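Structure, as structure tokens:
The values are calculated or read from the model by the stated rules, or taken from the named source; none is laboratory data. Quantities reported herein were computed from a predicted structural model and do not represent experimental measurements. When we count neighbours, we look across all protein chains shown, and the Cβ atoms used for this are built from the backbone with ideal geometry, even at glycine.
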Amino acid sequence: MDDLRATAGVATENDLVEKTLNTIRGLSMDAVQAAKSGHPGLPMGAAAMGYALFADHLRFDPEAPKWHNRDRFILSAGHGSMLLYSLLHLTGYELSLDDIKEFRQWGSKTPGHPENFMTPGVEMATGPLGQGFGTGVGMAIAEERARALYPEHFDHWTYAIVSDGDLMEGLSHEAASLAGHLQLGRMIYLYDSNRVTIDGSTDLSFSEDVRKRFESYGWHTENCDGMSVGDVSRAIGAGKSDPRPSLIVCRTTIGFGSPHKAGTAASHGAPLGEEEVQLSKQVLGIPLEPLFYVPDDVREHMAEVGGRSRSERIRSEEAYAASAAEKAINAAADWTSVPDFDKPAATRASSGKVINAIADSMPMLIGGSADLSESNQTEIHGSSAFSASDRTGRNLHFGVREHAMAAALNGITLHGTGRAFGGTFLIFSDYMKPAVRLAALMQIGTIFVYTHDSIGLGEDGPTHQPIEHLAGLRAIPNLHVYRPADGNETAAAWKAALARTEGPTAIVLTRQSVRQVSPRDDSAAKGAYVLRDAETPQVVLIGTGSEVEICVDAADLLADEGIAARVVSMPCWEAFAAQTAQYRDGVLPPGSIRVSVEAAATLGWERWVGPNGRAIGLDHFGASAPYQDIYQQFGLTAERVASECRALV
């Protein structure tokens with residue numbers, strides 16, 4: 001047996017630490033085997049990394065998973081979820097051994113990839129590689145700002161375990177560049193360098209010098225033996241003493257302890273098999289029975305690790321509860337400061353006015369754009385830019401990094417000390433889609449601001465004119481997409497977005513000026529409402545955004561011909577769908593003839609216009625010309641709408 005263990009290269013730690021590492025490996029093997037699916041290799045290879053972090057560095061308390069001053073830990077390589085679940089269980093989070101046994105099963109707290117809203121101690125949903133890396137940057141930004149403003153209440157670190165796959169994804173390049181530029185020195189990432197991916201060795205596709213890459217980004221880098229708790233802990237300590245963000249390259253063996261599959265892709269994404277599990281347990285000195293074995297001394301030791309920060313946590317929570325910091329962080333917006341909108345204006349300009357009207361009452365509102373702050377109108381006037389030298393700034397300059405911006409916004413929101421928003425052109429929402437989707441899945445209230453929302457941006461042409469993007473965003477569950485018609489609806493959209501904490505909101509805005517056609521109230525927050533009515537409507541015109549005024553003008557043309565038309569503004573499908581059936585039927589009477597008008601793909605509008613209605617839109621790309629000419633050439637005019645209604649009636 002000793003020869004077999006020596007062949008496997010078992011790390012030499014003290015007996016209790018080694019037993020703890022092997023308990024993590026055993027739980028991971030058993031859970032994956034019982035589920036008949038999963039990823040045993042990472043937890044077996046990265047056990048020492050996870051243990052060193054939790055036992056020697058991480059500030060946390062399982063009895064208070066949302067403690068405001070806890071260290072944040074992200075398992076960016078979320079496929080290795082059993083590493084995290086094992087650590088959470090052993091340190092005392094509300095995650096029982098039965099939950100571990102239900103790994104990947106219906107209704108369990110241990111899904112295949114970690115999900116923040118299901119499992120105590122999980123900071124974010126991970127699995128799409130690179131997302132944890134980018135989101136951690138946002139958490140580190142939030143920590144730096146909170147600490148600069150309230151140093152007596154915030155003083156913690158952001159950690160992550162990232163994989164070869166994380167570092168291949170383009171998001172990691174964007175996010176690492178931003179983190180280095182901002183000198184986010186309280187961010188330490190452990191790179192599980194096992195050099196194996198699903199297809200085999202990383203030599204197939206990944207040969208760069210990772211340390212040099214990160215050094216060029218302005219990071220502190222360190223090599224360590226990822227199989228040695230002591231060396232990992234030493235390297236983390238070195239990272240803590242450096243003012244730059246840190247990447248610690250931990251050389252590990254995937255599937256460590258498996259005599260036939262260690263170091264190979266065979267241990268990455270499939271159960272080891274019952275026979276190999278038994279051989280691995282023999283190598284690691286784990287009893288074959290019972291399954292899911294946790295020795296008493298390991299359980300006692302890890303309970304001590306879990307309780308290490310409890311007294312500190314209790315003291316800090318008591319101080320925080322009555323503090324100015326808590327009041328500022330949870331301050332609500334003062335909507336009485338929002339101006340009247342009575343002149344034609346682009347809704348992006350109206351959005352900028354709303355942001356600045358409420359900014360003073362919400363000191364933790366923070367945002368920016370991907371190098372488009374002037375175009376997106378996202379700047380908070382009178383505030384500085386958040387930077388390496390100014391941690392109190394509220395304006396975030398993400399550079400041309402939409403993917404990193406979206407992930408970082410999620411990190412700020414998840415951190416809990418800031419309400420984050422970020423802007424770009426709607427056409428570039430494609431670069432952000434993975435993080436937007438993840439925000440919806442994680443049930444967090446990130447706000448995405450998209451301007452230049454249609455062919456209305458004009459001369460920049462079809463490469464910059466979004467067509468299918470509204471339909472794509474609307475297809476994401478739990479994302480509310482607002483396309484306001486004017487300034488009043490824009491204010492209502494912002495109010496709804498800030499009130500919504502159970503999911504993200506996209507606010508989609510025009511470049512071109514629009515008339516002010518809506519009332520100053522919260523009607524738009526319901527998703528759709530009757531903007532203008534007729535005594536006995538013969539047709540219902542439904543518009544969004546800049547096309548609402550086209551519907552109003554078409555209704556005037558129809559009225560001149562004796563055809564009564566109701567005009568419905570529908571800024572948000574999702575909010576309207578959430579209203580009662582009685583309200584929806586009151587706005588869109590069953591059996592009514594309906595025509596929708598939107599300068600975008602018509603996909604999905606059949607839900608609202610019904611089988612006898614008509615959707616007027618664009619199911620083709622745009623063109624380069626003044627926007628008035630494009631609208632005319634593509635038939636997005638009051639005359640065209642009136643003609644379609646006339647034919648239906």
Exercise for review: Working carefully through the options G45, G38, G50, find the one that is assigned to a loop (DSSP other than H, G, I, E, B) and either modelled with pLDDT of 95 or more or hydrophobic (A, V, I, L, M, F, W, C) (or both).
Suggested key: G38
Exercise for review: List every residue pair whose Cβ atoms sit under 6 Å apart, with the two residues 6 or more apart in sequence or on different chains, where the first one lies in segment 470-496 and is farther than 22 Å from S518 by Cβ and the second, anywhere, is of a type in the set (D, E, K, R) and part of a helix (DSSP H, G or I).
Suggested key: I476/R437
Review point. What residue, among those in segment 381-405 that are under 18 Å from M364 (Cα atoms) and of a type in the set (D, E, K, R), is surrounded by the most Cβ atoms within 10 Å (Cβ to Cβ)?
Key: R394
**Study point:** Any chance E174 is assigned to a helix (DSSP H, G or I), over 26 Å from G306 (Cβ atoms) and either touching a Ser or Thr at 6+ places or on another chain (Cβ under 8 Å) or in the same structural domain as M432 (by TED's automatic domain parsing) (or both)
**Key:** no
Point to revise | Extreme residue, farthest from I254 (Cα to Cα), among residues of segment 84-105 that are of a type in the set (A, V, I, L, M, F, W, C) and in contact (Cβ under 8 Å) with a residue 60 or more places away in the chain | key: L97
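Tell me, please, whether a residue that is assigned to a loop (DSSP other than H, G, I, E, B), free of Cβ contacts under 8 Å to residues at least 24 places away in the same chain and either surrounded by 24 or more Cβ atoms within 10 Å (Cβ to Cβ) or not polar (S, T, N, Q) (or both) can be found in segment 151-166. Reasoning before the result, please.
To start, the set of residues in segment 151-166 that are assigned to a loop (DSSP other than H, G, I, E, B) comprises 151-157.
Those still in the list that are free of Cβ contacts under 8 Å to residues at least 24 places away in the same chain too: 151.
Filter again for either surrounded by 24 or more Cβ atoms within 10 Å (Cβ to Cβ) or not polar (S, T, N, Q) (or both), leaving 151.
Yes, that holds for at least one residue.
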Practice item. Scan segment 621-640 and report the pairs whose first residue is assigned by TED's automatic domain parsing to the domain that holds P466 and whose second residue is at pLDDT 95 or above, with Cβ atoms within less than 8 Å and a gap of 6+ or a chain change. Key: none
Point to revise | Residue satisfying condition, being under 30 Å from Y51 (Cβ atoms), among the acidic types (D, E) and either free of Cβ contacts under 8 Å to residues at least 24 places away in the same chain or outside the structural domain of V548 (by TED's automatic domain parsing) (or both), within set D334, D340, D296 | key: D296
Review point. In segment 528-538, is there at least one residue being without any contact (Cβ under 8 Å) to a residue 24 or more places away in the chain and buried (at least 24 other Cβ atoms within 10 Å of the Cβ)?
Key: no
Review point. Just to be sure, is A575 closer than 29 Å to L498 by Cβ, of a type in the set (G, A, S), surrounded by 15 or more Cβ atoms within 10 Å (Cβ to Cβ) and in contact with a strand residue (DSSP E or B) (Cβ under 7 Å, 6 or more places away or on another chain)?
Key: yes
Study note, to complete from the structure: Scanning segment 427-456 for residues that are part of a helix (DSSP H, G or I), surrounded by fewer than 21 Cβ atoms within 10 Å (Cβ to Cβ) and either in contact with a Cys (Cβ under 9 Å, 6 or more places away or on another chain) or of a type in the set (S, T, N, Q) (or both) gives none
Check your understanding: Right, I380: β-branched (V, I, T) and either part of a helix (DSSP H, G or I) or within 23 Å of M124 (Cβ to Cβ) (or both) or not?
Key -> no
Check your understanding: Does segment 1-21 hold any residues that are closer than 18 Å to C250 by Cβ, modelled with pLDDT of 95 or more and either surrounded by 20 or more Cβ atoms within 10 Å (Cβ to Cβ) or of a type in the set (A, V, I, L, M, F, W, C) (or both), and which are they?
Key -> V17, T20, L21
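For segment 203-212, state whether one or more residues are in contact (Cβ under 8 Å) with a residue 24 or more places away in the chain and within 30 Å of R391 (Cβ to Cβ). Can you show your working first?
First, the residues of segment 203-212 that are in contact (Cβ under 8 Å) with a residue 24 or more places away in the chain: 205-206, 210-211.
If we keep only those that are within 30 Å of R391 (Cβ to Cβ) as well, we get 210-211.
Checked segment 203-212: at least one residue is in contact (Cβ under 8 Å) with a residue 24 or more places away in the chain and within 30 Å of R391 (Cβ to Cβ).
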Review point. Within segment 81-114, can you find the residues that are in a loop (DSSP other than H, G, I, E, B) and within 18 Å of D166 (Cα to Cα)?
Key: G112, H113, P114
Exercise for review: Scan segment 537-553 and give yes if some residue there is among the charged types (D, E, K, R), in the same structural domain as I630 (by TED's automatic domain parsing) and within 23 Å of A499 (Cα to Cα), otherwise no.
Suggested key: no
